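Structure first, then comments.
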Amino acid sequence: MPQHILLRAVEKLDLIQVKGLIDELENKVSDLEVFESIFQEYLLHENTLMYVIEHHVDGIIGFVSCKGQRLLHHQGLVFEIQEMIVSTGQQGKGYGRLLFEIVKKEVVARGAKTLEVTSNKRRKEAHAFYESMGFRNSHEKFTIYF
């Protein structure tokens, strides 16, 4: 790992920088109050993993969250990456791989049956990244918006 970055667990004080990354990922501005409420829930949930990559000059440049739950049809613990982003100017430098590897190591240590990720159909580069990490495109996701 390069000396100018730090891979670490998320802390409460990371809220604003993480929100900025999620806003970049979703291409919209999140409601701060709602975001903070969910962020706090994530921090308290024992099977939610959150990590950031912090650059010594640029601050937090990468973020991943991953939630685990026991599912009947898997007969065990399944984790799903919920959000993962490396800021646009920092992509292609291996930071996404670092985020993925720390999550993978942690879920394996917890005895997970699988690690899953859902990615919007328009994010072709993200799909290529996940496939390079060993994910297989094995499911379709169907959504109803309210």
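Quick note: the coordinates plus some simple rules give every number you see, no bench work behind them. It should be emphasised that the depicted structure is a prediction, and the values quoted were computed from it without experimental measurement. Cβ placement follows ideal geometry from the backbone for every residue including glycine, while neighbour counts extend to all protein chains displayed.
Miscellaneous remarks
- Backbone phi angles across the stretch 60-76, fed through the Karplus curve with coefficients 6.51, -1.76 and 1.60 (θ = phi - 60°), yield HN-Hα couplings of 6, 10, x, 8, 9, 10, 8, 10, x, 8, 7, 10, 4, 6, 9, 6, x Hz in residue order; Gly and Pro are listed as x.
- Amide proton proximity set for Gln82, modelled H, under 5 Å, gap of 5+: Ser65, Cys66, Lys67
- Cut-off 14 Å (backbone N to label point 7 Å along Cα→Cβ of Leu71), residues of the stretch 82-123: 82, 112-119
- Within straight-line cross-link reach of Lys124, aspartates and glutamates at Cα separation under 20 Å, skipping those fewer than 8 residues along the same chain: Asp23, Glu24, Glu26, Glu80, Glu83, Glu116, Glu140
- Dipole check for the chain: with +1 at the C-beta of Lys and Arg, -1 at the C-beta of Asp and Glu, and the Cα centre as origin, the magnitude is about 640 Debye.
- 17 Å cut-off, amide nitrogen to a point 7 angstrom out along Leu15 Cα→Cβ, residues in the stretch 23-37: 23, 30-37
- Helix-derived mean residue ellipticity, 222 nm - over the chain, DSSP H n ≥ 4, -39500 (n - 2.57), to 500: -10500 deg cm²/dmol
- Exposure proxy ranking for Arg136, Arg8, based on other Cβ atoms within 10 angstrom of each Cβ and starting from the fewest, stands as Arg136, Arg8.
- Debye intensity ratio in log₁₀ form over the Cα atoms of the stretch 5-132, taken at each q of 0.16, 0.23 Å⁻¹: -0.82, -1.56
- Separation between Cα centres of the stretch 102-134 and the stretch 68-86, rounded to whole Å: 10
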